[in-house]
Structures are given as C-alpha cells and as structure tokens.
Amino acid sequence: MQKFLSYDRGLERFNPLARVICYDDFDTGFNGWLDLTPNYVEENYESFDSVVDLSSWAPNQLSSASMRFASSHGSMEGTYSLKVTTAPTGGPHTEPPRNGSMGHAIKRLSRFGNPKLIQIEAWYSYTPVQDREGKGEEDIRAIGFFFDVQDSEYRYMPGVRYVNSLGGKLVKKWQYYQVAEGVTPEDWNFGVKDGWCVPGVDNQWYGRRFEDGSGDGYQWLPGGEQDLVYNESPDKINWMYLRLTVDIEKREYVELQSGDQVFDMRGIKPTLTEGYASIDNLINPIFFIETDSERSVNLYLDSVVYSVE
Amino acid sequence: MQTTNTSVIARRVKISDDYATLPYEAGWASEAVTFIQAEGDHPDLAIAVEVSPDGINWVRRTGATLSASQQIVDLPLAQFGNWLRVVITGATSEQPARVLVHLNLKG
C-alpha cells in the first residue's frame, strides 16, 4: 500500500523520530494521560504497604492557566494544557515525599514497531499557585519525566529530573535515573522489608535522599546546570521544550534536550531490574512535579509527542 | 460528540477535621456532578461545592448532607465558571471518616 501522510502543523515545534505514536494536544482532551495510582488489589481494595502514600497525589486537570491577578494564560497554541499539580504539603528534601507533595501524569502504552529508539517531547511550563506574596520560584522543588519500560528480560526506568530548588535555595541542575551502588531493597523502601518496588523502580518516590539533593535513585548529570525560564512572577509562564531519547536495544540513554541545550547521555545506563509479571513490552511515559514547601505548584503540559524509530 | 472526564478529587482520604479538596479547573465543561462517598462508619457530614474566580478565594454554591446512615450523595452544578472544590465538615478525631470524591465533567 502506498501511503501519503500529512503531518499536523502543530508537529513543526517537535522533532519526532520516524514514527509518531502519539501527538497529544490537550486542547482536545486528556488524551489518555491520567493520575498515577497504586494497585488496589488487596483486601478491601487496599494497596501494598508503602511508606510513601501512593493514593495521595493530586488530580490532573485540563487547565486554562487561570491566574489570580493577570487573566487566563491559555496554552502555547489554544486554551488548554494538562496541569499536573500538588497539594501544599512539601516536606524536607531529605525525607520521603509527603502525602500529596507530588503530582504525576501517566499514559499507558506498549511496544510497537520493534523500535531501537523511543522518544518523548513536550512543551511545558511550571509555576506555583499565587496564594502568597513574593516571587515563588524557590517553592518548586523539581519537575521530571521518566519512561517505565519492560522488555523480555528487564524492567527499567530511564528518566530525568530538573532539581529547581532544595530547602528554598535554587539549584537548577539536571539529574538522571540510576541507582547508586550498594543500595538495598530496604534502603530503597525506607525500611519496609519486601517492598513492592525494588531499587530502580519508581525512583521518584523511593530511595533515600540526601542533603545535597543527591539520592539513591538520582545521579547528577555531568554539565547539567541549566537556568530554565521563570518569568519573575507566579502568574507568568513561558513555554519550554523538552526531549528525552532512549535506546531500548542497548538499554541506555541517548540524549536529553532542554530548550536548545543538548546533553549527550550515550553510555549512561538506567538500572535494570528483573521483569515484573505480565507486563512484558509495557512502555509508560510519566511526567511529575514536586513542591519544596507548603505551597501547591503546577506543571503545565501544552502538548506531548511520543515517537519511535 | 461531547468530552467527559471523571477525576477522583479525594482518594480514600481519612479526615478528622474540616476538609476541602484541592482547587480544580473545570472551565472546559458545561456541567459537573460531584459524588461524595464515605467508606465505613462516619458521622453526619455536611457537603458543599464551592466556586472561585482564582482557585484561592471561595464562594459557597450548593450543599447536601451525607448522614451517618448513607454511603453516597451527589451534587450537580452548572454555571460554575472555572474553579471548583468540595468542602466536607463534620468529621472529628472521635468520629473520623474516610472519603472518596468523584468529579464528573461534561462539555
């Protein structure tokens, strides 16, 4: 069959790989991006034992980015973005994430087209709620993205985290998902024996966190300093570009692109774990945001492209 | 075809004091229905849906009671602008409640 593909003009602001699997513009709805929740499969529909309350994350919303004194900000093209938000419950950055202190948006996909590379791209912005005086940039601890991947042998989570602020002090450096040497399952699960998540699974919640912002599940990206745009006030958002490309044949990172800055990640590997039951070929992209204080913070996703090659 | 979405805006939250869900942007929808459930024993709970110009300052719009003998109550709402939240009062440390709140939007 001879095919003629006409690409949506909206893809002009992306650099997708050969095959676009999803192009999600949130002016058309949630597009299958949903809240991240645990498995309610135990007695009385309870979940597994966890120090981090995985039921507590705030609901994702289709947002017009309505601001207190300004107006509706709208999205990059159109009215709506996907807002990933938090409760005003940030705790010390050396402790496990507190109830509601993070927000996540996940899309549940699976492998198709026998790809060597998978890639996520997004146009996004972030800001705190303008519920108090001041600039507010220091109240956003981090934003991040990761893939949950399982192939015929391993489950692994290649991801990146922009550490914006820790304890009210701006940091502005990228990290990537990789577990440090010698981390035990008990370390990872904050003391819970036989926790559901092994080291290398769900780094955004598990693994000890240290004073300098490093953690069992996060490594600093060499040369990863970057001053992302924060436009002087909680009610002004500027749309920024993010791309993460992963080689799922070699099971290693390829590149992180943030704005026009490209970080070569070849040779860096995510942590491989034994595959979980029944999820071979799963590929889930996940975005998240963390608050650094007792203030809600928002990650706005204008549009997202998932492509493979 | 219309768009519809159901968000869980309070997911099995154990409350022992006045409680409000987080501000929720619903401006894309023209109608909303909230469903408030209590899991297990609970006291009489006063339920209110509130609207807001900015997600920070709130105005009470409509209310209902989820009595101790009831498990679920619903509250429909139209012409709500953009921001919504649900406020639940009546739980105490002596008589707590575990609440599950759904927000269905359509438009």
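The values are calculated or read from the model by the stated rules, or taken from the named source; none is laboratory data. It should be emphasised that the depicted structure is a prediction, and the values quoted were computed from it without experimental measurement. No Cβ is skipped: glycine too gets one built from the backbone with ideal geometry, and neighbour counts run over all protein chains shown. The area values use the complete protein model at the heavy-atom level, side chains included, leaving out ligands, DNA and RNA. Shrake-Rupley method; radii C 1.70, N 1.55, O 1.52, S 1.80 Å.
Computed from phi, the 3J(HN,Hα) profile of region A:55-60 under the Karplus parametrisation 6.51, -1.76, 1.60 (θ = phi - 60°) reads 8, 9, 6, 5, x, 5 Hz, with x in place of Gly and Pro. In order along region A:32-46, the Karplus-derived 3J(HN,Hα) couplings, from 6.51 cos²θ - 1.76 cosθ + 1.60 at θ = phi - 60°, round to x, 8, 9, 5, 9, 10, x, 8, 8, 10, 9, 4, 6, 6, 7 Hz, and Gly and Pro are given as x.
In this structure the amide hydrogen of B:Asn82, modeled in the peptide plane, comes within under 5 Å of the amide hydrogens of B:Ser52, none closer than 5 places in sequence on its chain. Rolling a 1.4 Å probe over the heavy atoms of the protein chains gives chain A an accessible area of 42 Å² per residue. With contributions of -39500 (n - 2.57) from each DSSP H run of at least four residues, the per-residue ellipticity at 222 nm computed over chain A stands at 0 deg cm²/dmol. With a Förster radius of 51 Å applied to the C-beta separation of B:Asp18 and A:Tyr241, the computed FRET efficiency comes to 0.75. Distance between the pseudo-spin-label points of A:Lys116 and B:Glu94 (7 Å out from Cα toward the beta carbon): 7.1 nm. Under 16 Å of direct C-alpha separation, and excluding same-chain neighbours fewer than eight residues apart, B:Lys14 reaches these aspartates and glutamates: A:Glu46, A:Asp53, B:Glu39, B:Asp41, B:Asp44, B:Glu94. Taken over the protein assembly as shown, the alpha-carbon convex hull comes to 159 cubic angstrom per residue. Taking all protein chains into account, the per residue accessible area for chain B stands at 47 Å² (1.4 Å probe).
DSSP loop (so not H, G, I, E, B), at most 12 other Cβ within 10 Å: list which GluC sites (Glu not before Pro) in region A:143-187 pass both filters.
Within region A:143-187, the qualifying GluC sites (Glu not before Pro) (loop, at most 12 other Cβ atoms within 10 Å) are A:Glu153, A:Glu181.
Packing order of peptides A:254-266, A:41-53, A:192-204, highest average first: A:192-204, A:254-266, A:41-53 (average count of other Cβ atoms within 10 Å over each peptide's residues). Pair-distance distribution P(r) for region A:179-280, from all Cα-Cα distances in 10 Å bins starting at 0: 12, 33, 34, 18, 3 percent. Here the accessible area is traced with a 1.4 Å probe on the protein chains. For chain A, carbon and sulfur cover 47 percent of it. Taken along its principal axes, the alpha carbon cloud of chain B reaches lengths of 44, 30, 19 Å, longest axis first.
Of the residues in region A:105-153, those shielded by at least 10 Å² of accessible area once partner protein chains are present, compared with the chain alone at a 1.4 Å probe, are A:Val129, A:Asp131. Full extension of the chain segment joining A:Asp8 with A:Glu252 gains 84.8 nm, where the gain is 0.36 nm per residue of separation less the Cα-Cα distance.
Near B:Ala10, the amide H atoms lying under 5 Å from its own belong to B:Val101; only residues 5 or more places off or on other chains count, and H is placed 1.01 Å from N. Chain A contacts chain B over a buried accessible area of about 1800 Å², both sides summed; the probe is 1.4 Å and only protein chains count.
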